[in-house]
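Below you'll find the structure, written out as structure tokens, and then a few comments.
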Amino acid sequence: MKGFMKEFKEFISRGNVMDMAIGIIIGGAFTAIVTALVDSIIMPLITGIFGGLSVKEWAFHIGKSTIAVGALVQAIINFLLIALVLFSVIKAINKVKKKEEETEEEPTTKECPFCKSEIPVEATRCPHCTSELK
Ligand SMILES: [Zn+2]
């Protein structure tokens, strides 16, 4: 039990657990927003387009069974919207991360304007063509 607690403490203090927790909380809140969007805007729109029959009520009847496709359709629309927005968010985050990495790495070489060869960034004279550089 002691070993378990120690391991758990290490797991918590690693930091990425906090990231994960924040991700889950934001994800949950976000899902609520998408669900509200679908329920109150997109579904009524589709209902309007299909002549007043609510998507939730879409169903087939096979013999005595009712195949309720409405709930499935709604779940798929929810999923697609969430996936779409998450994809955009991840893309935006990746873009920012990439920019950060690019600015962090200072170049150690530059291009000689005369012979176009790669030379140290602090060089005042090109070792290849001996041109003087400003
Ligand atoms: Zn040169």
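Quick check, is L72 modelled with pLDDT of 80 or more and within 33 Å of the chain's Cα centre (by Cα)? Give the derivation first.
Working: modelled with pLDDT of 80 or more: yes; within 33 Å of the chain's Cα centre (by Cα): yes.
Yes: the conditions hold for L72.
State which residue pairs qualify: first residue loosely packed, with under 13 Cβ neighbours inside 10 Å and inside segment 112-128, second residue of a type in the set (S, T, N, Q) and modelled with pLDDT of 95 or more in any location, beta carbons under 6 Å apart, and separation of 6 or more residues or different chains.
Final answer for the pair search is none.
Quick one: which residue in F50, F4 is exposed (fewer than 12 other Cβ atoms within 10 Å of the Cβ), among the hydrophobic types (A, V, I, L, M, F, W, C) and either at pLDDT below 80 or touching a helix residue (DSSP H, G or I) at 6+ places or on another chain (Cβ under 6 Å) (or both)? If you could, list the steps in order and put the result at the bottom.
Values: F4 fails: either at pLDDT below 80 or touching a helix residue (DSSP H, G or I) at 6+ places or on another chain (Cβ under 6 Å) (or both).
Answer to the selection: F50.
Just a yes or no: is a residue in segment 96-110 assigned to a strand (DSSP E or B), within 16 Å of the ligand (Cβ to nearest atom) and either surrounded by 10 or more Cβ atoms within 10 Å (Cβ to Cβ) or not basic (K, R) (or both)?
First pass over segment 96-110, keeping only residues assigned to a strand (DSSP E or B): 109-110.
Then keep just the ones that are within 16 Å of the ligand (Cβ to nearest atom); that gives 109-110.
Pick out the ones that are also either surrounded by 10 or more Cβ atoms within 10 Å (Cβ to Cβ) or not basic (K, R) (or both) and you get 109-110.
Yes, because at least one residue in segment 96-110 is assigned to a strand (DSSP E or B), within 16 Å of the ligand (Cβ to nearest atom) and either surrounded by 10 or more Cβ atoms within 10 Å (Cβ to Cβ) or not basic (K, R) (or both).
Could you grab me the full set of residues in segment 115-134 that are among the hydrophobic types (A, V, I, L, M, F, W, C), in a loop (DSSP other than H, G, I, E, B) and near the ligand (Cβ under 10 Å from one of its atoms)?
Step one: of segment 115-134, the residues among the hydrophobic types (A, V, I, L, M, F, W, C) are 115, 119, 121, 123, 126, 129, 133.
Keeping just the survivors that are in a loop (DSSP other than H, G, I, E, B) gives 115, 121, 123, 126, 129, 133.
C115, A123, C126, C129, L133 - these are the residues of segment 115-134 that are among the hydrophobic types (A, V, I, L, M, F, W, C), in a loop (DSSP other than H, G, I, E, B) and near the ligand (Cβ under 10 Å from one of its atoms).
The values are calculated or read from the model by the stated rules, or taken from the named source; none is laboratory data. Keep in mind it's a predicted model, so treat the numbers as computed, not measured. Using ideal geometry, Cβ is built from the backbone for each residue, glycine included, and neighbour counts are taken over all protein chains shown.
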